[in-house]
1. Evaluate the following for V150: is it in contact (Cβ under 8 Å) with a residue 60 or more places away in the chain and touching a helix residue (DSSP H, G or I) at 6+ places or on another chain (Cβ under 6 Å)?
2. Quick check on this structure: which one of R53, R44, R99 is of a type in the set (K, R) and more than 30 Å from I131 (Cα to Cα)?
3. Among V254, V264, which is the only one that is open to solvent by less than 50 Å² (accessible area, probe 1.4 Å) and closer than 20 Å to D164 by Cα?
4. Report the residue count in region 244-298 for those that are part of a strand (DSSP E or B) and farther than 23 Å from R203 by Cβ.
5. Regarding E41, is this residue in contact (Cβ under 8 Å) with a residue 24 or more places away in the chain and open to solvent by 50 Å² or more (accessible area, probe 1.4 Å)?
6. Looking at this structure, is V236 open to solvent by 10 Å² or more (accessible area, probe 1.4 Å), part of a loop (DSSP other than H, G, I, E, B) and within 16 Å of A161 (Cβ to Cβ)?
7. How many residues does region 116-145 contain that are of a type in the set (A, V, I, L, M) and open to solvent by less than 10 Å² (accessible area, probe 1.4 Å)?
8. Would it be correct to say that S151 is out of contact with any strand residue (DSSP E or B) (no Cβ under 9 Å at 6 or more places or on another chain) and buried (at least 21 other Cβ atoms within 10 Å of the Cβ)?
Amino acid sequence: MSSYPDVRLRRFRRTDGLRGLVRETRLSLDQFVMPLFVAPESLRNDALPGMSRYTVDETVREVEELVRLGVQAVILFGLPEEKDEQATGAWEDDGIVQRALRALRPRFPELVLLTDVCLCEYTSHGHCGVIVDGEVHNDRSLELLARTAVSHVEAGADVVAPSDMMDGRVGAIREALGDHGFETTPILAYSAKYASAFYGPFRETADSTPSFGDRRGYQMDPANVREALRECELDVEEGADAIMIKPALPYLDVIRAAREAFDVPVGAYNVSGEYAMVKAAARAGWLDERQAAVESLTAIKRAGADLILSYWTKDLASWL
């Protein structure tokens with residue numbers, strides 16, 4: 001085989017134009033989803049602007065700006081006015097996410113509206129399911145999750161994304177959607193959602209920290225990857241149209257494994273802790289935020305993600 005000095009791999013690294021010609025992984029804004037938090041009262045977060053809360057009216061204005069910048073998809077998380085043990089605010093017709101969907105749908109017909117389907121923001125105890133005898137009861141939670149998904153689609157959601165990690169929830173949601181005439185609605189399943197330390201800023205923004213215990217009894221052990229593939233396989237069998245890995249950066253190997261094992265679209269959630277770390281380091285002057293963010297997102301894409309949920313989506317619209 002030929003080698004140096006005939007072979008010089010630096011030849012295509014010499015200029016931006018040359019590097020661009022042979023770039024293997026490219027970021028495209030149409031594969032990014034911007035998370036938005038809808039709440040009865042706004043709460044600005046200047047340190048982490050992607051983690052601000054918006055009222056329904058403010059959400060409409062923020063989406064107007066996102067659409068103007070070229071963002072093509074958002075996912076909604078809701079904070080209800082009141083919480084209870086049955087997560088009523090998650091599935092009631094006049095819930096905060098349902099109101100936001102009805103405000104957004106007619107105004108932005110081309111925008112892809114995704115919704116997070118979970119109970120943690122709506123339960124008084126902060127867990128992702130119904131509590132029975134001090135434990136999260138898997139099967140009793142499925143009906144409420146399915147009911148929530150149907151209510152979102154009725155209000156205008158294009159895609160529902162269950163993130164609770166209850167066994168069988170994809171099948172329950174798929175059956176409920178079919179029973180209500182929504183058999184064409186895609187399900188993006190948080191198939192491998194790990195019990196991670198990187199959710200802290202999200203839980204503060206979404207007011208969803210458990211009041212007791214933790215979520216290790218239903219979210220995945222960070223040490224496991226074969227189990228993640230089993231979770232993905234079961235979700236696809238139950239009717240998921242796409243699967244997602246969360247978090248993204250500490251689990252690039254899981255993204256790659258899922259990409260190699262399944263033909264369905266693979267998503268990744270570039271979570272709040274990943275975002276916050278880069279923000280904090282940039283404020284301290286230790287790194288360049290834009291360069292670090294683009295490098296991180298490129299790594300997620302390179303690992304095999306087809307779509308990425310990221311709080312940098314709005315910034316990315318001007319960076320690309």
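The values are calculated or read from the model by the stated rules, or taken from the named source; none is laboratory data. As the structure is a prediction and not an experimental result, all values here were calculated from the model. Here Cβ is always computed from backbone atoms with ideal geometry, including for glycine, and neighbour counts include all displayed protein chains. Keep in mind that these areas ignore ligands, DNA and RNA; they rest on the heavy atoms of the full protein, side chains included. Shrake-Rupley method; radii C 1.70, N 1.55, O 1.52, S 1.80 Å.
1. Details: in contact (Cβ under 8 Å) with a residue 60 or more places away in the chain: no; touching a helix residue (DSSP H, G or I) at 6+ places or on another chain (Cβ under 6 Å): yes.
No: the conditions fail for V150.
2. Numbers: R53 fails: more than 30 Å from I131 (Cα to Cα); R99 fails: more than 30 Å from I131 (Cα to Cα).
The unique qualifying residue is R44.
3. Numbers: V264 fails: closer than 20 Å to D164 by Cα.
Result: V254 is the single residue among V254, V264 that is open to solvent by less than 50 Å² (accessible area, probe 1.4 Å) and closer than 20 Å to D164 by Cα.
4. Taking region 244-298 first, the residues part of a strand (DSSP E or B) are 244-246, 266-270.
From what's left, farther than 23 Å from R203 by Cβ: 266.
Number satisfying all stated conditions: 1.
5. Numbers: in contact (Cβ under 8 Å) with a residue 24 or more places away in the chain: no; open to solvent by 50 Å² or more (accessible area, probe 1.4 Å): yes.
No: the conditions fail for E41.
6. Values: open to solvent by 10 Å² or more (accessible area, probe 1.4 Å): yes; part of a loop (DSSP other than H, G, I, E, B): no; within 16 Å of A161 (Cβ to Cβ): yes.
Against the criterion (open to solvent by 10 Å² or more (accessible area, probe 1.4 Å), part of a loop (DSSP other than H, G, I, E, B) and within 16 Å of A161 (Cβ to Cβ)), V236 does not qualify.
7. Going through region 116-145, the residues of a type in the set (A, V, I, L, M) turn out to be 117, 119, 130-132, 136, 142, 144-145.
Adding the requirement that they be open to solvent by less than 10 Å² (accessible area, probe 1.4 Å) leaves 117, 119, 145.
The number of residues fulfilling the criteria is 3.
8. Details: out of contact with any strand residue (DSSP E or B) (no Cβ under 9 Å at 6 or more places or on another chain): yes; buried (at least 21 other Cβ atoms within 10 Å of the Cβ): yes.
Yes, satisfied.
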